[in-house]
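Encoded as structure tokens, the structure appears first; notes follow it.
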Amino acid sequence: MPLTAKSVSRITLVSALVASVAGAAVLLAAPASGAASTLAAAAQQSGRYFGTAVAANKLGDSTYTGILNREFDMVTAENEMKMDATEPNQGQFSFGNGDRIVNQARGQGKRVRGHALAWHSQQPGWMQNMGGSSLRSAMLNHVTQVASYYKGKIYAWDVVNEAFADGSSGGRRDSNLQRTGNDWIEAAFRAARSADPNAKLCYNDYNTDNWSHAKTQGVYNMVRDFKSRGVPIDCVGFQAHFNSGNPVPSNYHTTLGNFAALGVDVQITELDIEGSGSSQAQQYQGVVQACLSVARCTGITVWGIRDSDSWRASGTPLLFDGSGNKKAAYTSVLNVLNSGTGGTNPTTTTTTTPGQNPGNCTATYSEGEKWNDRFNGNVTVSGTDNWTVTVTVSSPQKVIATWNTSASWDSSGNVMTARPNGNGNTFGFTIQHNGNWSWPTVSCQAS
């Protein structure tokens, strides 16, 4: 992560967490018993991690380390493992501050993401003045020495950071490393694999959130090429520094899914979102939902702990305020992680028709298969064979297919009425989510 600001976008993937249920329906669903109370524990329920960036000079702050130890299970060194920190003089390596972070994390049972082995920025002065074959050799030696030193202690390395240019070209950034030859990224990955065969090897970049953007396509094409030729790449990191500038469109989850389909993990590596209150909370919610919607999105790292620790402190972009208090964004993230689905918890409703005593009708929703642009839902009805189930989706969602039911829709297209069609009391449907991964609300009335 550079020390200077960059052009970034904000996420607008949000979903409604509360839906009204009409009529006499009584909502039975409640927060799941035993729901996790920390970010790490909640993420672990779906096999993911939730991490943070850490600065060595703040490890003596008891509030800082208290939150770190309690809430996170993955740690990234903010600056202490970059090129200028680890090799300040050519051939002379310095790992003291990096070791402080690694030892703190591992002592608490946490894993570590290494950041970053090769980057055009934050190079030591001696490297900035090099070029050609001398620079190539020095870069590869740096990768080899640092990855070898931390062998067995790093879960994943950002092997190469920010090598693609912004703008419409979709090409590589002009840098001293790029000028050593277009194969420099591949060479760095091969060196990292040789140095630490068990660490996951990632490419990491920013402004790659919109699937239609040239920079996103440039990175995608490189990863596809690497996979086709057996270049060792295991994951792609999306930095996710969002603000109130150009909104990220609803294809954010599509971007994650399309990269994952190449056979790599995807990770949100440096998340922070400038803002406050419910707006910020909704944006965080949308990012987490997008990750949960992609099976190979293996984890999320926020870039700092408290707002006051952030490189963008004036934008209050993190989950804890400067005093270490949980913000609305924290609660939003925790709730979505506890749902484990990228949407709200399933709802079960019971409706009784007054005066007719037909027996209770219960409709239970469960999640089915998920794809980049749609997901399936299933409803099981109990208590009666004669039922009417109302399924309400949140705009801009639309039901595009149904099975085992006779269905009709209201004029908005958001409310579906389902009735038996002779195929039993379980039916299903496909929702085109259009960026909103929230689960529908279901209610049942006995006929």
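The values are calculated or read from the model by the stated rules, or taken from the named source; none is laboratory data. Note that this is a predicted model, so its numbers are computed, not measured. A quick note on method: Cβ atoms are made from the backbone with ideal geometry, for glycine too, and the neighbour counts reach across all protein chains shown. Just the protein is used for accessible areas: all its heavy atoms, side chains included, with ligands, DNA and RNA removed. Shrake-Rupley method; radii C 1.70, N 1.55, O 1.52, S 1.80 Å.
Hey, which lysines would be in cross-link range of K58, C-alpha to C-alpha under 24 Å, not counting anything within fewer than 8 residues on its own chain? Within the straight-line cut-off, K58 pairs with K82, K110, K153, K326, K327. Beta-bridge orientation, the chain: approximately 50 percent antiparallel, per DSSP, counting only bridges with both partners inside. The figure for I300 is an accessible area of roughly 10 square angstrom, using a 1.4 Å probe on the protein chains alone. For N325 and L59, the FRET efficiency from 1/(1 + (r/R0)^6), where r spans their Cβ atoms and R0 equals 22 Å, is about 0.60. Angle of helix 214-229 to the longest C-alpha principal axis of the chain, folded into 0 to 90 degrees and rounded to 10: 80°. Of the solvent-accessible surface of the chain, computed with a 1.4 Å probe and all protein chains present, 45% belongs to carbon and sulfur. When the chain is treated as a GNM, springs tying every alpha-carbon pair under 10 Å, which of G422, G98, G322 comes out with the largest mean-square fluctuation? Largest GNM mean-square fluctuation: G422. Cross-link partners of K398 among lysines, defined as those whose alpha carbon lies under 18 angstrom from its own and excluding same-chain residues fewer than eight positions apart: K370. Per residue, the chain exposes an accessible area of 37 Å² to a 1.4 Å probe, with every protein chain left in place. Per-residue SASA remark: K398, around 80 Å² accessible (1.4 Å probe; ligands, DNA and RNA not included). Label-to-label distance, R224 versus A35, with points set 7 angstrom from Cα along the beta-carbon direction: 4.1 nm.
Other residues lying with their Cβ under 12 Å from the Cβ of S148 contribute a combined charge of +2, Lys and Arg counting +1, Asp and Glu -1. Close amide H contacts of G170 (hydrogens built in the peptide plane, cut-off under 5 Å, sequence separation of 5 or more or a different chain): K215. For the chain, a Gaussian network of Cα nodes joined below 10 Å ranks S46, S279, S62 by mean-square fluctuation, and the top entry is S62. Summing Lys, Arg as +1 and Asp, Glu as -1, what charge do residues with Cβ under 9 Å from the Cβ of K215 carry, K215 excluded? Here the count lands on -2. Return one number: the angle in degrees, 0 to 90 and rounded to the nearest 10, between the long axis of the Cα atoms of helix 96-107 and the longest principal axis of the Cα atoms of the chain. The helix 96-107 is inclined about 30 degrees to the chain. Taking every C-alpha pair closer than 8 Å and separated by at least 6 residues, the mean separation divided by the residue count of the stretch 235-306 gives a relative contact order of 40 percent. Bridgeable lysines around K215 (alpha carbons under 17 Å apart, same-chain partners fewer than 8 residues away excluded): K6.
The distance between label points at S395 and N103 comes to 5.8 nm (points 7 Å beyond Cα on the Cα→Cβ vector).
Helix-only arithmetic for the chain: the sum of -39500 (n - 2.57) across DSSP H runs with n ≥ 4, divided by the residue total, places the mean residue ellipticity at 222 nm at -8000 deg cm²/dmol.
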